[in-house]
Amino acid sequence: MLEDTLERRTAPALALLAEHGRYRRAISTFPSLTPVCLSSLATGAHPDVHEIPHLVWYHRGERRLVEYGSSFGAVRAAGTRQSLIDTVYGLNDSHLSGNAVTVYEALEDAGLTAAAVNITCYRGRTEHLPTRRVPVLTRPAHGPKRLFFYNLFESDVTGAPLSVRNRPRGSIDAYAAAVGRWLVTRDGFDFLVFYLSDYDYASHAQGPDAAHAALARCDDAVGGLIEAAGGPDQFLERYAVILCSDHGQTQVDEVERLEDTFPGDIVTASNRAGMVYSDGDPGELAARLDGHQGVDVVLYREGEEAVARRDGEELRFTPDGTSGDAAILDHPQGLERSWAALANPNAGELIVSAAAGWEFADLAGRHHSGGGSHGSLLTGDSEVPMLTVGLETLPGSIVEVMPAVLEHFGVPLPAYARASARA
Ligand SMILES: [Zn+2]
């Protein structure tokens, strides 16, 4: 869609960046769902390192579900208060692995100032008191020096409007846009994450090819940053830019309830990925999904190997090699992403990736049928636009974004991180 939009010149700010930068398609992580993807962007790692497994998952240590917000119904089903606490505090304070380093931690440890606007993965070393707009949120959060999170945490008084007034009409991005303009006007950061989420929201509701108005608002928000710097020349002289999405979206028209196949087990399904937590034999459990139209691939571990199964056919794999039907994981970076998803200690015994056009109902039975969705290994969910301006590298994966940022600032990469190829 970005290419279309650039060609039709309906997105002047994005077109301006594209004119001065380099563009490619890059690959997301798996499951290609926001909390997983944003953690990958912030830490430069797949879920084997950052350990955020899904939008909804079972916490084995606390014997309960963690639901970051699949739908209002799913949040109610998991407990609204708990869900809010898990999303605002839990993800950053305890779910995100201590083995992972966030981009904010790495840059600020090197003496730079980082800022984050509305991104769910914001772990940093500065304590921020809540604004007390939501009474449940009483504890401080730990983020970069400049943290703005949906009016809940605001390190500076910016005069930005309330973010939750009217989401369908773009009030969340309007909040981000106002904060972003305030920050750029003051040149108040070395590094800024400026996260716009309304396009994803609109695309879920209207379908991935119909959310033009939301994309135009994204463009306005980016254009606002450029203006706040004094115009394109000043903006590009002052800043390098990485513009990307955290995942794709595809049209969905059919829904499967994974719970029906696994009575007695814990199923966490949302959008186009599902997990099954069970003491049963994983091979037997996976075989139950043979012939299910809604399922593309079922993944599980068997000893030192991983297995990908589709309709009775199997591919066995480790990071060192494969045996069996290689076509089963013929997805973009399919082997690497599947291995990393399974190597996450918080993942279910089974991970299920949905077939094209299908979605798995969430805890409350909600879905986006008739609209857009994402989460699977398939190309449409997994490919993202990647545009860089003023950088030496052009990341081919969202896990190469954080390393590209650290390299730009001359800060050493964490040992697990993969530098992107010079392009
Ligand atoms: Zn989404």
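The values are calculated or read from the model by the stated rules, or taken from the named source; none is laboratory data. The model shown is predicted, which means the values in this text are computed figures rather than measured ones. We place every Cβ from the backbone using ideal geometry, glycine too, and count neighbours over all the protein chains shown. Remember, those area values only see protein heavy atoms, side chains included, never the ligands or the DNA or RNA. Shrake-Rupley method; radii C 1.70, N 1.55, O 1.52, S 1.80 Å.
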* **Residue in segment 318-331 that is surrounded by 15 or more Cβ atoms within 10 Å (Cβ to Cβ) and under 21 Å from the mean Cα position of the chain (by Cα) present** => yes
* Asked: Which of the strands (runs of 3 or more DSSP E) contained wholly in segment 170-281 include at least 2 residues that are within 21 Å of His20 (Cβ to Cβ) and open to solvent by 20 Å² or more (accessible area, probe 1.4 Å)?
  -> 191-194, 241-244
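Please tell me if Val411 is β-branched (Val, Ile, Thr), within 16 Å of the ligand (Cβ to nearest atom) and surrounded by fewer than 24 Cβ atoms within 10 Å (Cβ to Cβ).
Judged against the criteria, Val411 is not a match.
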* What do you reckon, is Gly390 over 30 Å from Leu65 (Cβ atoms), open to solvent by 60 Å² or more (accessible area, probe 1.4 Å), of a type in the set (Gly, Ala, Ser) and in contact with a helix residue (DSSP H, G or I) (Cβ under 8 Å, 6 or more places away or on another chain)? -> yes
* Which of the residues belonging to segment 34-90 are under 22 Å from Thr138 (Cα atoms), among the acidic types (Asp, Glu) and open to solvent by 30 Å² or more (accessible area, probe 1.4 Å)? -> Glu62
* Asked: Would you say Ala341 is over 16 Å from Leu33 (Cα atoms) and either among the small types (Gly, Ala, Ser) or assigned to a helix (DSSP H, G or I) (or both)?
  -> no
* To do: Give the residue, chosen from Val117, Val103, Val157, that is over 26 Å from His50 (Cβ atoms) and either at pLDDT below 95 or touching a helix residue (DSSP H, G or I) at 6+ places or on another chain (Cβ under 7 Å) (or both).
  => Val157
* Do you know which residues across segment 42-70 are touching a Gly at 6+ places or on another chain (Cβ under 7 Å) and part of a helix (DSSP H, G or I)? -> none
* Structure fact -> Given (1) loosely packed, with under 15 Cβ neighbours inside 10 Å; (2) in contact (Cβ under 8 Å) with a residue 40 or more places away in the chain; (3) touching a His at 6+ places or on another chain (Cβ under 7 Å), Arg123 misses just (1)
* Does any residue of segment 126-143 turn out to be under 22 Å from the mean Cα position of the chain (by Cα) and part of a loop (DSSP other than H, G, I, E, B)? -> no
* Structure fact -> Checked segment 1-41 for anything assigned to a loop (DSSP other than H, G, I, E, B), at pLDDT below 95, among the hydrophobic types (A, V, I, L, M, F, W, C) and out of contact with any Cys (no Cβ under 9 Å at 6 or more places or on another chain); matches are Met1
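A quick yes/no check of all residues on (1) within 16 Å of the ligand (Cβ to nearest atom); (2) on the phi < 0 side of the Ramachandran plot; (3) hydrophobic (A, V, I, L, M, F, W, C); (4) in a loop (DSSP other than H, G, I, E, B):
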| position | (1), (2), (3), (4) |
| --- | --- |
| Glu359 | yes, yes, no, no |
| Asp362 | yes, yes, no, yes |
| Arg366 | yes, yes, no, yes |
| Gly380 | yes, yes, no, no |
| Val384 | yes, yes, yes, no |
| Leu391 | no, yes, yes, yes |
| Glu400 | no, yes, no, no |
* Structure fact -> For segment 282-315, the count of residues that are farther than 18 Å from Ala340 by Cα, among the acidic types (Asp, Glu) and in a loop (DSSP other than H, G, I, E, B) equals 2
* Asked: Which residue pairs have Cβ atoms closer than 7 Å, lie 6 or more positions apart in sequence or on different chains, and pair a first residue in segment 170-190 that is of a type in the set (Phe, Trp, Tyr) with a second residue that is surrounded by fewer than 24 Cβ atoms within 10 Å (Cβ to Cβ) and assigned to a helix (DSSP H, G or I)?
  -> Phe189/Leu183
* To do: Filter segment 286-295 down to residues that are open to solvent by less than 40 Å² (accessible area, probe 1.4 Å) and touching a helix residue (DSSP H, G or I) at 6+ places or on another chain (Cβ under 9 Å), then give me how many there are.
  => 3
* Structure fact -> Counting only residues that are surrounded by fewer than 22 Cβ atoms within 10 Å (Cβ to Cβ) and not hydroxyl-bearing (Ser, Thr, Tyr), segment 351-383 contains a total of 11
